[in-house]
Amino acid sequence: MKRQLTLWLPLAIFIGLATSFVLGLRKPDDRLVPSHMIGITVPGFALPAIGTDISGLSAADLATGKPHLVNFFASWCVPCAAEAPQLQALAAQGAPILGIALRDRPADMRAFIARYGNPYRKIGMDPDSRVQINFGGSGVPETFVVDGKGVIRYQKIGPIADSEVGDLLAALKTAS
Amino acid sequence: MLSVPLYADSTMPAAQLANVQLPDPAQEAKAKALMETLRCLVCQGQSIADSNADLAGDMRSLVRQRIAAGESPEAIRAFLIARYGDWVSFAPPIDRTTWLLWAAPVLFLVAGGALVAGRLRRRR
């Protein structure tokens, strides 16, 4: 009996491993990297504006006593264009949206908001991703809820779907 | 709808120190060694030293700037871990979830030793 076991055990282990490897290959681990800055105050920053009509963005604009949505986006980012209607819907329902444009040029950003609309109250230019790194963000688009004291409360990775507009409004309400 | 952020490349040139070495070779060596142990957040399997992603370039620039300012590599690693978790580092710490990983070689050595000892005794 014991001999039987030692004979077949290696084969059983091999089949177990092979199965897990094949399953792993079929379903690659395409994971998102969540921010570890939730619950932490945004480190200080001051980002320049794209022109004179829309002001730039600094950390002081976040700690105003009221919660904000901070949306990281870029003119070269296709999913950012896809979520533009959802941002417009949020702005129409009174959500204060602040934009941070990643690795972008003012002229390109102007063309982007001329084409897709401007739901942003302020837009800061983050040319070397420094502020994105301070938020713990790793891609575009990403949307954070920052409370009135400047503490990050919520992170949405990827474009906002129609069904997620309500979630963000709720997260804003929770943060106030 | 896409649920994964697509990190398309911007048309902006790479950040100042993304692909430019520091003038001080000792500092550059320190920065390079650190960059090889930091994980790219976009391509995930690569280090930021190996990745062509924009964000990896921006992180290289950040590492070089901080090294040039006299910050220690471990302080920079801690700065990034505070933002992204242990995940960003290729040098996992020993804690409740990772101790088995670190202990495994010793455990396998002990098990192998016991096996060999058992065989030798039986043969005698």
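The values are calculated or read from the model by the stated rules, or taken from the named source; none is laboratory data. Remember, predicted model here, so these are calculated numbers, not experimental data. Ideal geometry is used to build each Cβ from the backbone, glycine not excepted, and the neighbour counts take in all protein chains shown.
Give the residue that is farthest from A:H36 (Cα to Cα), with candidates limited to residues of the stretch B:82-122 that are of a type in the set (F, W, Y) and in contact (Cβ under 8 Å) with a residue 40 or more places away in the chain.
Top of the filtered list is B:F90.
Is it true that B:V110 is exposed (fewer than 15 other Cβ atoms within 10 Å of the Cβ), in a helix (DSSP H, G or I) and modelled with pLDDT of 95 or more?
Considered against the rule, which asks whether it is exposed (fewer than 15 other Cβ atoms within 10 Å of the Cβ), in a helix (DSSP H, G or I) and modelled with pLDDT of 95 or more, B:V110 comes out as yes.
If you check B:L17 against the conditions, is it outside any helix (DSSP H, G or I) and within 11 Å of chain A (Cβ to nearest Cβ)?
Working: outside any helix (DSSP H, G or I): yes; within 11 Å of chain A (Cβ to nearest Cβ): yes.
Yes: the conditions hold for B:L17.
Restricting attention to the stretch B:58-77, which residues are within 12 Å of another protein chain (Cβ to nearest Cβ) and aliphatic (A, V, I, L, M)?
B:M59, B:L62, B:V63, B:I76
Which number in (1) over 26 Å from B:Y84 (Cα atoms); (2) out of contact with any helix residue (DSSP H, G or I) (no Cβ under 8 Å at 6 or more places or on another chain) marks the one condition that A:A170 misses?
It fails just one condition, (1).
Residue under question is B:A75, and the condition is that it be small (G, A, S) and closer than 24 Å to B:A26 by Cβ; does it hold?
Working: small (G, A, S): yes; closer than 24 Å to B:A26 by Cβ: yes.
Criteria met by B:A75.
Give, as residue ranges, the strands (runs of 3 or more DSSP E) completely inside the stretch A:75-176 that count at least 3 residues that are under 17 Å from the mean Cα position of the chain (by Cα) and away from chain B (no Cβ under 14 Å).
Once the strands (runs of 3 or more DSSP E) in the stretch A:75-176 are filtered for at least 3 residues that are under 17 Å from the mean Cα position of the chain (by Cα) and away from chain B (no Cβ under 14 Å), what remains is A:97-102.
Working only within the stretch B:82-98, note down all residues that are β-branched (V, I, T) and within 14 Å of chain A (Cβ to nearest Cβ).
B:V88
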